[in-house]
Amino acid sequence: MGTITAAELERLNNLNANERAESLAGFADDFDPDALEGALQQEFIDVLLAAVEGGGGTARARMLVGEMLGKLGDPRLYMPQYPSYWRTAPLLDGGSLELGRFPVTNSEFYRFVEDGGYDDESHWTEAGRAWLAADGTRPWRDSSADTDEKFLVDNQPVVGISWFEAAAYASWAGGRLLTFQERMGVVRGPGKRPYPWGEPFGHGNANTREEVLARPCAVGLYRRDCTPEGVFDLAGNVAEWVEDEVDEQRVIAPGAWSQESLSSWAKARALQAPECRGSDLGFRIARG
């Protein structure tokens, strides 16, 4: 890791958004979050946050900046008990929905695990309890120990989650999974947008296969993948489980880092078995 000094941070702050992101990415290869302490660490977090929210640099540079921020402690992350976790978005039927600003992150799901979420049957559906008890089941609590650490950064969406685990987390957090109609309504808004930012899909607006990152990135990293109300990562980054069931399968909104942009359309949907767990599949929650 290059040397981070107060003078270097001042230099970074004086760069434009593109230059700042590219310069910061140079620290990522051998980045050690324990090498920074006190005021210097907080100043570096502030510089990283400014780069994430500035939206400059290449997709790869922004991804590396977001990863460093996640390892140091991303101040944008809240748990569901805090008002800043939620955004209220209008729906197509004239109503509104309160939902997570971001998909559920690794940081959040760790809390569920640490709080005994896998052991509290009250949060699990009957089918979910049967899935947990079945021979050969390795829930995220156990399988994450064998997962590549690039998928486990605190401020990235949690992936490798079955529908049963997503529903249990939602119950534990005092929320629920969105329905597909609700999620589509949030993306489209009153103006019936095809994507959160409008149209066309364009280039560099969401973490899809075209970006060639080949992995999830920090939530909110793609600044245009956001509704006017501030709900991020609806077109890309990770696909999302929703509540709906069709012939014993569950519906997902498929836009993700592994999928081409056709999967990012507001009306796009796919079906998966509820026990399916993929490195491109996560979820978000709503309440009310």
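Coordinate-derived values only; no laboratory data. Note that this is a predicted model, so its numbers are computed, not measured. Cβ atoms come from the backbone with ideal geometry, glycine included; neighbour counts cover every protein chain shown.
Largest mean-square fluctuation among Ala127, Ala89, Ala21, in a Gaussian network model of the chain whose springs join Cα atoms under 10 Å apart, belongs to Ala127.
Considering Cα pairs under 8 angstrom that are at least six residues apart, work out the relative contact order of the chain and quote it in whole percent. Relative contact order of the chain: 20 percent.
Take the Cβ atoms of Tyr110 and Glu10, set R0 to 35 Å, and the FRET efficiency comes out at 0.50.
Look at Lys192, Lys71, Lys150 and count the other Cβ atoms within 10 Å of each Cβ; fewest to most, that gives Lys192, Lys150, Lys71. In this Cβ point-charge picture (+1 for Lys and Arg, -1 for Asp and Glu), the chain has a dipole of about 1100 debye about its Cα centre. Computed on the Cα trace of the stretch 83-287, the radius of gyration divided by the Kirkwood hydrodynamic radius gives Rg/Rh = 0.95. Per-residue extension of 0.36 nm, minus the Cα-Cα distance of Asp46 and Ala270, leaves a gain of 76.7 nm for this segment. Using Cα springs under 10 Å in a Gaussian network model of the chain, which residue among Ala273, Ala239, Ala133 shows the largest mean-square fluctuation? Maximum fluctuation in the GNM of the chain, among the listed residues, is at Ala133.
Taking 0.36 nm per residue of separation and subtracting the Cα-Cα distance, full extension of the segment from Arg193 to Met79 would add 38.1 nm.
Projecting label points 7 angstrom from Cα along Cα→Cβ for Asn18 and Asp146 puts them 4.5 nm apart. Spin-label pair Ala39-Ala133: with each label point 7 Å from Cα along the Cα-Cβ axis, the two points sit 5.9 nm from one another. The stretch 156-171 and the stretch 48-98 have their alpha-carbon centroids 19 Å apart. Considering only Cys217, Cys226, Cys276, the mean-square fluctuation computed in a Gaussian network model of the chain, springs between alpha carbons under 10 angstrom, is largest for Cys276.
For the stretch 6-72, the alpha carbon positions stretch 28, 22, 18 Å along the principal axes, listed from largest to smallest. Could you work out the relative contact order of the stretch 1-70, using alpha carbon pairs under 8 angstrom and six or more residues apart, expressed as a whole percent? 43 percent. Once divided by 2.2 N^0.38 Å, the Cα radius of gyration of the stretch 101-178 becomes 1.05.
The lysines within cross-link reach of Lys192, meaning a Cα-to-Cα straight distance under 30 Å and a gap of 8 or more places when in the same chain, are Lys267.
The phi-based Karplus calculation (6.51 cos²θ - 1.76 cosθ + 1.60; θ = phi - 60°) puts the 3J(HN,Hα) values of the stretch 104-112 at 4, 9, 4, 4, 5, 5, 4, 4, 4 Hz, whole numbers, x for Gly and Pro. If R0 equals 51 Å, the separation of the Cβ atoms of Glu229 and Ser122 corresponds to a calculated FRET efficiency of about 0.95.
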